[in-house]
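The values are calculated or read from the model by the stated rules, or taken from the named source; none is laboratory data. The shown structure was predicted, so the numbers you read here are calculated from the model rather than taken from an experiment. Cβ: placed from backbone, ideal geometry, glycine included. Neighbour counts: every protein chain shown.
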Amino acid sequence: MFLLIIAILIAYLLGSIPVSVWLGRALKGIDLREHGSGNAGATNAFRVLGTPIGIAVFMLDMAKGYAAVNLSHIQSHLQPDTEAWMALRVGLGLLSVAGHIFPVFAGFRGGKGVSTMAGIGLALHPLSAACALGIYALVFLIRRVSSLGSLAAVLSYPLWMILVFHSEFRTLWAFSIMVPILVIITHRSNIRRLLQKEEKSLERKS
């Protein structure tokens, strides 16, 4: 039980690392949340801080989710490749998303969690996550709107997980359905702007 509590705490704290906020302050002398869309995520980092920092934010935010899932190895008494083991991995991943959205290190004002969820997906089921990321890339290349790519990717995610790759874990089925619900909730303002044709394309600074 003690190791489980430690894993839970570390997963949340990993997610709470405000990569974009800290990099913005350290490299540009600004709080990213006071510029652009006001969001502490990779998309706003691309717009405000530039491409190299945006890439770093995206990769590090993904790494937070990936690392949180793999804290499951702390629980040595759980048999790998069982529903209980997978449920723990999913739970630890979701805690990192909670930390990203409500980071204790940044006044509980974080990002929307898409990059962190991508890292979780890669740790849980790499093929499904890679296919969803491919959908994001395709939509983004065509429309240049990151939020639209994110929504398309997460809506496709349950299809890859359940219908294409037929994951044996019901926990992963539930997670794949939960992801689009969470992203839709955190992207309400983006969806409204998309419907009103007011959502901005991603213009990256060099």
Go through region 152-182 and count every residue that is of a type outside the set (A, V, I, L, M, F, W, C) and without any contact (Cβ under 8 Å) to a residue 40 or more places away in the chain.
-> 6
The condition from (1) under 14 Å from the mean Cα position of the chain (by Cα); (2) more than 19 Å from ALA11 (Cα to Cα); (3) of a type outside the set (A, V, I, L, M, F, W, C) that HIS166 misses is numbered (1)
Which one of these is assigned to a helix (DSSP H, G or I) and not basic (Lys, Arg): GLY65, GLY36?
-> GLY65
Based on what the data block shows, is PRO52 closer than 22 Å to ILE10 by Cα and without any contact (Cβ under 8 Å) to a residue 60 or more places away in the chain?
-> no
Is there a residue in region 42-59 that is hydrophobic (A, V, I, L, M, F, W, C), assigned to a helix (DSSP H, G or I), within 26 Å of TRP173 (Cβ to Cβ) and out of contact with any His (no Cβ under 8 Å at 6 or more places or on another chain)?
-> no
Mind listing just one residue for me: the one in region 1-39 that is among the aromatic types (Phe, Trp, Tyr) and in contact with a helix residue (DSSP H, G or I) (Cβ under 9 Å, 6 or more places away or on another chain) and, of those, farthest from PRO103 (Cα to Cα)?
-> TRP22
Of GLY121, GLY149, the only residue that is in contact (Cβ under 8 Å) with a residue 24 or more places away in the chain and within 14 Å of the chain's Cα centre (by Cα) is GLY121
Close pairs (8 angstrom Cβ cut-off, 6 or more residues apart or separate chains): closer than 11 Å to ARG89 by Cβ in region 59-78, at pLDDT 95 or above and of a type in the set (Lys, Arg) anywhere = VAL69/ARG89; ASN70/ARG89; SER72/ARG89
Can you name the residue in region 88-123 that is in contact with a Pro (Cβ under 7 Å, 6 or more places away or on another chain) and in a helix (DSSP H, G or I) and, of all such residues, is surrounded by the fewest Cβ atoms within 10 Å (Cβ to Cβ)?
-> PHE105
Going through region 163-177 in order, the residues found to be buried (at least 16 other Cβ atoms within 10 Å of the Cβ) and either part of a helix (DSSP H, G or I) or modelled with pLDDT under 90 (or both) are THR171, LEU172, PHE175, SER176
Near pairs, Cβ below 8 angstrom, 6+ apart or cross-chain, from region 20-37 (on the phi > 0 side of the Ramachandran plot) to any residue that is part of a helix (DSSP H, G or I) = GLY36/ASN44; GLY36/ARG47; GLY36/VAL48
